[in-house]
Amino acid sequence: MSDAILAVYSPAQVVLERGEGVRVWDDKGKEYLDFIGGIAVTSLGHHHPHLVNALKEQADKIWHLSNMFRIPGQERLAERYCAECFADKAFFTNSGSEAIELSLKLARRWQWANGAPERIGFISFHGSFHGRTMGAINVGAQEKYREGFGPRMEGFRSLEWGDHDALKEEITKPDVAAVMIEPVQGEGGVREVPHQCLQGLRKLCDENGVLLIYDEVQCGAGRTGKLFHHQWIEGAEPDIMAAAKGIGGGFPLGMALCTDKVASAMAKGTHGSTYGGNPMAMAVGNAVLDVMLADGFFEGVQRVAGDLTQALESLKGRYPELVEDITGAGMLRGIKMSQDPMPLRAKLMERGLLIGTAGNNVLRLAPPLVATSKEIRQAVDIIDKQFFDIISRPGD
Ligand SMILES: *Cc1c(COP(=O)(O)O)cnc(C)c1O
């Protein structure tokens, strides 16, 4: 990688230059199955014709205006998302971290406007990842992302994942504004929060005057077979939700959604963004929704996700010494390994499969939602061959 790039990444050597659906090709013509999808971003695969057309058409009309002017595509996208979920209001951003930042601001502002200015605290859970801006690393539970960036900001704390007793105690503290949680933890190890825990959390928040914020940046956008993961769960709607990644299908787009109750605390001028909600992003965002809201789309995702689950479970059955568990939900899955998965990732790439990793020795799969059963089989076959090699040649 060029010395001119801030050395915070360690990208693979290959240069991927073209994509089509679930497949990508490098500059030497080698083909890969893309089962990480820009980390759960290319939700509809590469080079989706409807998305490409939407972007090209908008590019020929107007690129940018700022929010000094009405943006019809933005009004339409906000109305469509609000019609499809708990939310009454949407604000569009360029990234997940910005959506998280606004979520934090919404919660504090609502507490402040409702006579509780002392409620500035946020509770999150170990392993959670909410982005890389200052607010996001402070609400996120991973210390390594805060190291060297000053003391943790006032009010932010994280609890053990699944420690209900600690939560019940902490949430009664008078300085708590909100709880933030990923309904399916991505980065931290691809773990689904049990449904009854989210229902319990919703109740606890209500009983204590605390707001509930979901981070569906990774697990939303149809990833688990509904538009948003929490829609699988009765009685567990949030007050505020951040989404990004898959809602733009590869174009930078995020959003914070909230109820009218929460939104009522935000007066004119309390938030803004130069690029957020610009015509280009809105054109693509609407095109993504056109595809996802078409008849049968989510049923298709659920069916293929079922195939993926089966294939991964059988992998676990065949390689019990390598695979400890299959985690996650829908098309966001983890293979929890008994060994460091990093070297495996490179080997799988040589074999033509792109996948990611996550915390806790997990191989992370986030294929495009349009992957076919056949592509799922091909991908899992590649993993199978690699596992077989490890078992039969343990010295390698
Ligand atoms: C990726 C991610 C973010 C941050 O999104 P960016 O677009 O990288 O700022 C926040 N939360 C979760 C759960 C994510 O996976």
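The values are calculated or read from the model by the stated rules, or taken from the named source; none is laboratory data. This one's a predicted model, so the numbers in the text were calculated from it and none came from an experiment. Cβ: placed from backbone, ideal geometry, glycine included. Neighbour counts: every protein chain shown.
The set of residues from segment 210-223 being more than 13 Å from the ligand (Cβ to nearest atom) and in contact with an Asp or Glu (Cβ under 8 Å, 6 or more places away or on another chain) comprises Leu211, Leu212.
Of the residues in segment 333-344, at least one is within 29 Å of Pro49 (Cα to Cα), under 24 Å from the mean Cα position of the chain (by Cα) and modelled with pLDDT of 95 or more.
Applying the criterion of at least 1 residues that are free of Cβ contacts under 8 Å to residues at least 12 places away in the same chain and acidic (Asp, Glu) to the strands (runs of 3 or more DSSP E) found wholly in segment 3-53 leaves 16-20.
The helices (runs of 4 or more DSSP H) found entirely in segment 129-225 that carry 1 or more residues being β-branched (Val, Ile, Thr) and crowded, with 24+ Cβ neighbours inside 10 Å are 134-139.
Is it fair to say Ser103 is in a helix (DSSP H, G or I) and either of a type in the set (A, V, I, L, M, F, W, C) or touching a residue at least 60 places away in the same chain (Cβ under 8 Å) (or both)? Judged against the criteria, Ser103 is a match.
Applying the criterion of at least 1 residues that are of a type outside the set (Val, Ile, Thr), within 16 Å of the ligand (Cβ to nearest atom) and assigned by TED's automatic domain parsing to the domain that holds His64 to the helices (runs of 4 or more DSSP H) found wholly in segment 252-319 leaves 279-292. When the criteria are applied in full, Asp34 meets the requirement of being within 20 Å of the chain's Cα centre (by Cα), more than 16 Å from the ligand (Cβ to nearest atom) and farther than 24 Å from Leu212 by Cα.
Just to be sure before I move on: is Tyr32 surrounded by 15 or more Cβ atoms within 10 Å (Cβ to Cβ) and over 22 Å from Cys219 (Cβ atoms) in the structure I sent? Judged against the criteria, Tyr32 is a match.
For segment 161-173, the count of residues that are within 16 Å of the ligand (Cβ to nearest atom) and in the same structural domain as Gly277 (by TED's automatic domain parsing) is nonzero. Reported count of residues in segment 84-100, each being within 15 Å of the ligand (Cβ to nearest atom) and surrounded by fewer than 23 Cβ atoms within 10 Å (Cβ to Cβ), is 3.
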